[in-house]
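Report on the structure given below.
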Amino acid sequence: MATIAVLAALAVDSGGGWLVSQARSHGWTSPVSKQVAVLTLAVLAHTGALAIGSNGFVAAFLGGLLFGQATKHRLDGPVEFSETVALFLSFFV
């Protein structure tokens, strides 16, 4: 099952990271849209892995690592939006 989570993370976050890099290089993004993309790709990896019967946590974690490798740059400014949402969601855990 963990192998399927790795494949889900690879598909979603490597592809998503490449798309964000392409959008950034063309000037189609803003700092807020990049922050939303990070959160959205993590949720997509998690949900996709759960939908195919795999471990969502593994997919989201590995997806974050793969996204960082695929973008090959740091996001502009702090990722306050993503950190705030993560803190809010951690209250429910």
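Here is the list for segment 1-73: chymotrypsin sites (Phe, Trp or Tyr not before Pro) lying in DSSP coil, each with at most 16 other C-beta atoms within 10 angstrom of its C-beta, are W28. Between S90 and L39, the modelled labels are 1.5 nm apart [label points 7 Å from Cα along Cα→Cβ].
Values in this text are rule-based calculations from the coordinates and carry no lab data. This is a predicted model, so every value here is computed, not measured. No Cβ is skipped: glycine too gets one built from the backbone with ideal geometry, and neighbour counts run over all protein chains shown.
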